[in-house]
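One structure is given below, encoded as structure tokens.
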Amino acid sequence: MAVWGVIALLALARAAVPRIDLIEIYQTNQVMIHFETEPNRTYVVQRSTAFGQASNGTAAVWTDIASVPAVPYNQHWIAVDTNPTLPVRFYRLKVTP
């Protein structure tokens, strides 16, 4: 009597590194942040007026400006920053599986 074993291999696709594709000024007081999303991942766009540490040694404070819920397909998103009082801004894109 022969015994056959079955080996199943599961290939896990690596998720792409989250990336902001384009930042553009819109009208006089808005900034549009373009990015692509992958299926089943949640994205958050954040802004800060400092990058890394401030001159006094405190860490940068990041504020959420847009949240994108997980959906089962790819999408192109545009988050809009409407705070015209910030002379300097840094943006980052956070993602969770």
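The values are calculated or read from the model by the stated rules, or taken from the named source; none is laboratory data. Just so you know, these numbers come straight off a predicted model, no measurement behind them. Here Cβ is always computed from backbone atoms with ideal geometry, including for glycine, and neighbour counts include all displayed protein chains.
Suppose we filter segment 22-39 for residues that are surrounded by fewer than 11 Cβ atoms within 10 Å (Cβ to Cβ) and either at pLDDT 90 or above or in a strand (DSSP E or B) (or both); how many remain? Step through it out loud before you land on a result.
Pass one, segment 22-39, residues surrounded by fewer than 11 Cβ atoms within 10 Å (Cβ to Cβ): 22, 24-25, 27-28.
Of the ones still in play, those that are also either at pLDDT 90 or above or in a strand (DSSP E or B) (or both) are 22, 24-25.
Going through segment 22-39 one residue at a time, the tally reaches 3.
So which residues in segment 66-82 are surrounded by 13 or more Cβ atoms within 10 Å (Cβ to Cβ) and either more than 16 Å from the chain's Cα centre (by Cα) or more than 13 Å from residue 47 (Cβ to Cβ) (or both), if there are any at all?
Taking segment 66-82 as the starting set, the residues that turn out to be surrounded by 13 or more Cβ atoms within 10 Å (Cβ to Cβ) are 66, 68, 70-71, 77-79, 81.
Matches in segment 66-82: 68, 70, 71, 77, 78.
Taking segment 80-97, which residues are part of a strand (DSSP E or B) and farther than 10 Å from residue 30 by Cα?
Start the filter on segment 80-97 by keeping residues that are part of a strand (DSSP E or B), which leaves 80-81, 90-96.
Correct list: 90, 91, 92, 93, 94, 95, 96.
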